[in-house]
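Reading through the structure tokens given below for one structure.
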Amino acid sequence: MANRLPLIAVVDDEESVRLALARMLRASSFEVSIYRCGEDFLESLKTVLPDCVVLDFQMPGLTGRDVQRALSLQKLPLPIIIVTAHDQPSLREKVLADGAVAYFTKPLRRDTLIAAVDQAIRRTP
């Protein structure tokens, strides 16, 4: 499939955040799929594999950390960008050590998000 736009998955339990992130990404020529919870996102991987995941850390049910671990156990080489409303330096260290390519606090600046997604996609084999 030549010239396919990169697909970015946005996983966040807050609808307004999901829609805002999706708008930012679509405006920068990415395809976007949105998920309200980690469970829905993991289920979707049976049929579609995104090029990058923008993942909220604090969600009901499976947290972003749970999703990150599940992806690692499945050995899926998806670049993960963690976003959170509550910055915790120890959390930042853990998720980055476990392979997340970036960690940001909300609200995100468009240029910061797009640069991180571009970099994450380029790093993927």
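Details
- The stretch 11-66 and the stretch 92-117: distance between their alpha carbon centers, rounded to Å: 14 Å
- Cα-centre dipole for the chain with unit charges at Cβ (Lys and Arg positive, Asp and Glu negative), debye to 20: 340 debye
- Bridges between two residues of the chain, per DSSP, are antiparallel at a rate of about 0%.
Since every read-out is calculated from the coordinates, none of them should be taken as a lab result. Just so you know, these numbers come straight off a predicted model, no measurement behind them. When we count neighbours, we look across all protein chains shown, and the Cβ atoms used for this are built from the backbone with ideal geometry, even at glycine.
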